[in-house]
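**Student:** Take this structure, written in C-alpha cells, and hold onto it; I'll ask about it next.
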Amino acid sequence: MFNRVSSLILGILLFLVFYGSTQSLYVFATGLVLFIAATFAINIKRVGVSWPHLLLPCFYLLGSGSIFAVIASPSARLWFLIAACAIFYFLEMQLGRESHFLQNVFLFSAFAIFTGIFSLQFYFPRLSFVWVVLLVFVFSYLLIIQGFAGFSLPVKKYFSFLIALVCAQAAWGLSLWPTYYIVNAIVAFSIFYLLWIFSFSAFFGKLTRNKIYLQLSLVIIVLAATLLSANFLPHNR
C-alpha cells in the first residue's frame, strides 16, 4: 500500500514541479534537483541501499527534465509531461525488480541524458566542448554501471570504463559536427547502446552472430535516417 500511495504522490509532485517552473530555467533546475533528492530518500525507505535501483529513478528524472527543458512547444511539453509522470508512476511501482519495462526506461534515460548534455553546447555557445566530453564520460560510466546491474563479474568494471571512454571520444568528435544536439545525441546513444547490448549479451552467453547483425542493422537504419534528414548549423555559429 505504501508503494502505491508513494508512487502516486511522487507522480503528482513531478507534474507540479515541472509544470510550475517553466518560466525560469534556474527555478526548474533547482526544483528538479530537490525532487530527485526527495525521491532518492523515499526510495531508500522502500528498497534499502541498493544503488542500481536507487539510481534508475534519478537517471529517469534527470533525462525527463532534460527533454522537457528543450521542448519549445507548450502543448508538446504538456503531453510529454503527462506521459513522463505516468511512466514515472509505473517505474516507482516496479522499482526493486527486474523487467523489460525498467530496461526500456533505462535506455530512454540514457538517450535523454545525452540529449541534455549536447543541448548545453547549443544553448550555451560559450561553454567549452571539454565540459560536454567530461559530462558524457561521467554519465556514460554511471549509466553503464546501472546497465550492468544484476550480475557480478570482475571484468565488468573494465568494460564500464572502456565504454565510457569510447563514448567520451565519440562526444569529442561530435562536438565538431555542424549538426544540432538531437543528431549528436542520437549518434552518441547509438554507440552507447551497441556497446551495452553486446557486452550485456556476452556476459550472459547470449551474444550470437545473428544478434550482432540484427542490432547493427537497426542502428545503421536509425543513423542513416537521422543523418539524411538532419539540418545543419549555420557556418558562422
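Taken together, the values in this text are just the output of simple stated rules run on the coordinates, not laboratory data. Since we're looking at a predicted model, the values are computed, not measured. All Cβ positions, glycine included, derive from the backbone under ideal geometry; neighbour counts span all protein chains shown.
**Student:** Mind checking which residues of region 63-107 are over 20 Å from LEU143 (Cα atoms), free of Cβ contacts under 8 Å to residues at least 60 places away in the same chain and of a type in the set (Gly, Ala, Ser)?
**Tutor:** ALA69, ALA72, SER73, SER75, ALA76, ALA83
**Student:** Kindly list, by first and then second residue, each pair from a residue in region 215-231 that is within 11 Å of VAL187 (Cβ to Cβ) to a residue that is surrounded by 10 or more Cβ atoms within 10 Å (Cβ to Cβ) and not β-branched (Val, Ile, Thr), limited to pairs with Cβ atoms under 6 Å and residues at least 6 apart or on different chains.
**Tutor:** Cβ pairs passing all conditions: VAL219/SER190; VAL219/LEU194; LEU223/SER190.
**Student:** Pick out, from region 58-167, the helices (runs of 4 or more DSSP H) lying fully within it that include 1 or more residues that are surrounded by fewer than 18 Cβ atoms within 10 Å (Cβ to Cβ), on the phi < 0 side of the Ramachandran plot and touching a Gly at 6+ places or on another chain (Cβ under 9 Å).
**Tutor:** Correct list: 74-94, 100-123.
**Student:** Collect the residues in region 1-27 that are farther than 20 Å from TYR60 by Cβ and outside any helix (DSSP H, G or I), keeping them in residue-number order.
**Tutor:** MET1, GLN23, SER24
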